[in-house]
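What follows is a set of notes on a single structure, which appears directly below.
The values are calculated or read from the model by the stated rules, or taken from the named source; none is laboratory data. Note that the structure is a prediction, hence the values are computed from the model and not measured. Cβ placement follows ideal geometry from the backbone for every residue including glycine, while neighbour counts extend to all protein chains displayed. To get the accessible areas, we keep the full protein, side chains included, count just its heavy atoms, and leave off ligands, DNA and RNA. Shrake-Rupley method; radii C 1.70, N 1.55, O 1.52, S 1.80 Å.
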Amino acid sequence: MFLISKLVWILGQPLSLAFFFAALAFLAALLRWRGLGVATSALSVAILFTALFTSTGAYLVQGLEDRFPKHAGDPADLKCMIVLGGAFDTVVTTSRGGYDLDAAGDRFVEALRLAQKYPQARILVSGGDGSITGNYEGDAVISERMFKAFGLDSSRLVEDKDSRTTFENAINTKALLASNSMSNCLLITSGFHMPRSMGIFRRLDIDVVPWPVDYRSSGKEYLRLDVSQPSLNVALLSTAVREWIGLVGYYFAGRTSEFYPGP
C-alpha cells in the first residue's frame, strides 16, 4: 500500500499529468491520430496554465485549511501533544546533520513554543522515513536533535520512528499513547493536512484536539488569473491535489471516518 500511494502521487500530480498528455499528444501525432492529438495537447496546456497562472491551488488549499478553524488562544492546560512528521528536509539532514526545516516546519516550531510554555507537556513525534528508498532519517530522529538544542529534556519525548504515511502515524501513535498513559492530546499538523489526519484518528478511535498550523493561503483567496508567482501556484495546486487524492483513497479504503472530515 505504501509503494502504491507513492506511485499514485508521482503519476497524479499536475506536472506529471501535463507531461503524460503531452507525450500522448506526441504519440498521436506520430500515428496521425489528429483528433486524439489535439485533445491531449489541449489537456496538457490547460493543466499547465491552470497550475502555473491561476490561483486554483491557493483556493483549494484554503478550503482544506478552513475546514478546522484555528484556535483563538492557547489551551488552559496541556498534558501532551502529537506532532506529525513531514517538516524536515530529511535528505539534507541525513548527510549534513542538524535539523533543517522545510515548508511544514511550523509544526515543530509550534510544538517547541507550546513545550516551553507548558513544561509538564509531553511530545509524541510520529514520523519515520517516508521515502521510497528508506535511506534517510525520519522526523522523530531529527526532532530529537532540535528539541535538545533548545533545552528540552529528552524524557518528555515519545518517538515513533517507523511510520511512513499518515495512516501509519495514527496506528503507531495509538499504541504509544496507550503504553505511555497519554490521552486527549493536541494533534499538531498543517492546516491542509488536518481533515485527512482527523478522519484517520477518528476512524481509529483516538481522541485528539485538532491544532492546525503551517498555513499556506491568505484566507482570502478566490479563483483568478495570477501570473506573478507560477512556481508557488503549481506548488500549492500539487499540495491540494495530493491531499484530495489521499482523502478519496483513504475513504474508499475504509481508513477515514468520513469522506471530508470536519469539526
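Numbers below:
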| item | result |
| --- | --- |
| Net charge of Cβ neighbours under 10 Å - reference G191; Lys, Arg +1; Asp, Glu -1 | -1 |
| Peptide ranges 76-82, 9-15 listed from the most packed, as the mean C-beta count within 10 angstrom indicates | 76-82, 9-15 |
| From the coordinates shown, Kirkwood radius over Cα pairs in Å corresponds to which of (1) 18.1; (2) 19.1; (3) 19.8 | (3) |
| Amide hydrogen neighbours beyond the local backbone of C185, cut-off 5 Å, H modeled | V209 |
| Sulfur and carbon atoms: percent of accessible area, region 26-126 [1.4 Å] | 62 percent |
| Rg/Rh (Cα only; Kirkwood hydrodynamic radius) as it applies to region 1-88 | 1.22 |
| For R122, residues with placed amide H under 5 Å, excluding near neighbours | C80, M81 |
| Mean separation of Cα contacts under 8 Å, 6 or more apart, over the residue count of the chain: relative contact order % | 27 percent |
| For S190, distant residues with modelled amide H under 5 Å away | V213 |
| In region 139-214, chymotrypsin sites (Phe, Trp or Tyr not before Pro) in a DSSP loop with at most 15 other beta-carbon atoms within 10 Å | F150 |
| Bridge type composition, the chain - antiparallel percent by DSSP, nearest 5 | 10 percent |
| Eligible lysines near K220 by straight Cα distance, threshold 26 Å, same-chain separation 8 or greater | K70 |
| Overall form of region 114-222 per C-alpha gyration tensor (a/c, 1.5; a/b vs b/c) | rounded |
| For region 1-134, accessible area per residue (1.4 Å probe, heavy atoms of protein chains only), Å² | 53 Å² |
| Solvent-accessible area, 1.4 Å probe, carbon plus sulfur percent, for region 154-253 | 53 percent |
| Net length gained if the chain between F20 and Q120 were fully extended (0.36 nm per residue, minus Cα distance) | 30.8 nm |
| Using alpha-carbon coordinates, inclination of helix 230-252 to the longest axis of the chain, degrees | 70 degrees |
| Hz values of 3J(HN,Hα) by residue in region 11-21 - Karplus curve (6.51, -1.76, 1.60), Gly and Pro given as x | 7, x, 6, x, 5, 5, 5, 4, 5, 4, 5 |
| Calculated [θ] (222 nm, deg cm²/dmol) that DSSP helices of n ≥ 4 give over the chain, each run adding -39,500 (n - 2.57) | -16500 deg cm²/dmol |
